[in-house]
Amino acid sequence: MSTPVEITLAGGVQTIRLNRPDKKNALTLPMYQAMTEALTAADADPAIAVSVFEGLPGAFCAGNDIEDFLGFARSGELGAPILAFLRALVAARKPLIAAVDGLAIGIGTTLLFHCDLAFATPNAVFKTPFVDLALVPEAASSLLAPRLMGQARAFELLALGAPFDAAKAERVGLVNAVVAADDLSITVARAALALAQKPPGALAAARALIRGDTVDILARIDQEAAEFAARLRSGEAREAFTAFLEKRKPDFSRFRG
Ligand code: COA
């Protein structure tokens, strides 16, 4: 029977494969939990040198499950497994690689700010419609995106919600290379195996130096989470989530002051 997050290990490479095809790999709380456990296991297990996130053909990840967002809006609580996953991404000591084909929405894009290498196919689309959903950026993307691509591009991605195609994602440094869909697996496998063969102590030390201090990243995750939780409880957000689930355009006119 298929599970929504499939974890496999071969040659020192742990693959974390999102597999919820009916919902384009939208993430539920158990899926976050499974990914967190995989990241924690990677750091604890000497047999794992590197972890790879991959999705399905055409759907890397459609972001957080919007029905879950509506549940959080009702309860007033952001799901704890989401924050645990974001913190685990920051805490990870071994390299993370993303293999993106098709849609990479919300956390499907912001996850890449925590990956050391990322490869995308020409079919990839990166989009973070946080503000359209009456929310704010998460995963410390409000800190890491301006650092990576500059203020203007970061605003375009995170606030305007403009889709970035694979070529633009490569230009702004979100992905290392754009590769044909048929070559994605082999390209990622080669990179992962190359890392798996390196001296692990030196690799971990180099990675930690390159990533730098994580204190401000963790602080920003908490700051964003507080704002995100407040926004989740807003009437605007409820309208945005309900409209998505009812397959209609949201109407924010009653919230204009
Ligand atoms: N949460 C819950 N369900 C989602 C979802 C999400 N994030 N993304 C897609 N789905 C569901 C759709 O509701 C649909 O379910 P249904 O078949 O029961 O009606 C199914 O997945 C297929 O999606 P659909 O919209 O029909 O496919 P599409 O190819 O036309 O569009 C997307 C795909 C991802 C562009 C579109 O579904 C979308 O915009 N999803 C929301 C993305 C989002 O805003 N995520 C949160 C970011 S913070």
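Here are a few things to note about the model shown:
- On full extension, the segment bounded by Asp43 and Arg171 gains 43.0 nm, given 0.36 nm per residue less the C-alpha separation.
- A simple charge model with +1 on the Cβ of Lys and Arg, -1 on the Cβ of Asp and Glu and nothing else charged puts the dipole of the chain at about 320 debye relative to its Cα centre.
- Helix 80-91 axis, angle to the chain major axis (alpha carbon atoms, nearest 10°): 40 degrees
- Computed over protein heavy atoms with a 1.4 Å probe, the accessible surface of the chain works out to 47 Å² per residue.
- Difference of contour (0.36 nm per residue) and Cα-Cα distance, Ile186 to Ala162: 5.6 nm
- Listed peptides 38-48, 198-208 appear in the order 38-48, 198-208 once ranked by packing, highest mean of other Cβ atoms within 10 Å at the front.
- Descending by average beta-carbon neighbour count within 10 Å, the peptides 103-114, 11-22 line up as 103-114, 11-22, the highest first.
- Selection from Phe244, Cys115, Ala169 lying farthest towards where the dipole of the chain points positive, charges on Cβ: Ala169
- The fraction of accessible area contributed by carbon and sulfur in the stretch 5-181 is 59 percent, rounded to a whole number (1.4 Å probe; ligands and nucleic acids excluded).
- Taking Ala152, Ala34, Ala169 as the candidate residues, the one with maximal mean-square fluctuation in a Gaussian network model of the chain, Cα springs under 10 Å, is Ala152.
- Peptides 137-150, 217-230 ranked from most to least packed, by the mean per-residue count of other Cβ atoms within 10 Å: 137-150, 217-230.
- Both numbers refer to the Cα atoms of the stretch 5-181; Rg and Dmax are 15.2, 45 Å.
- Relative contact order of the chain, pairs being alpha-carbon contacts under 8 Å that are 6 or more residues apart, as %: 20 percent
- Considering only Asn176, Asn64, Asn25, the mean-square fluctuation computed in a Gaussian network model of the chain, springs between alpha carbons under 10 angstrom, is largest for Asn176.
- Helix-only CD estimate at 222 nm, as mean residue ellipticity for the chain, using -39500 (n - 2.57) per DSSP H run (n ≥ 4): -13500 deg cm²/dmol
- Put a plus charge on the Cβ of each Lys and Arg, a minus charge on the Cβ of each Asp and Glu, and nothing anywhere else: the dipole of the stretch 119-257 about its Cα centre is then about 60 debye.
- Annotated for the stretch 5-181: lysine pairs at least 8 residues apart or interchain, Cα distance under 23 Å, count 4.
- Normalised by the number of residues in the stretch 133-257, the average gap of Cα pairs under 8 Å and 6 or more apart makes the relative contact order 39 percent.
- Take the Cα radius of gyration of the stretch 190-236 and divide it by 2.2 N^0.38 Å, N being the number of residues; the result is 1.89.
The values are calculated or read from the model by the stated rules, or taken from the named source; none is laboratory data. Just so it is clear, the model here is predicted, and its values are computed rather than measured. We place every Cβ from the backbone using ideal geometry, glycine too, and count neighbours over all the protein chains shown. Ligands, DNA and RNA are stripped out before the accessible areas are found, and what is left, the full protein with its side chains, is counted by its heavy atoms. Shrake-Rupley method; radii C 1.70, N 1.55, O 1.52, S 1.80 Å.
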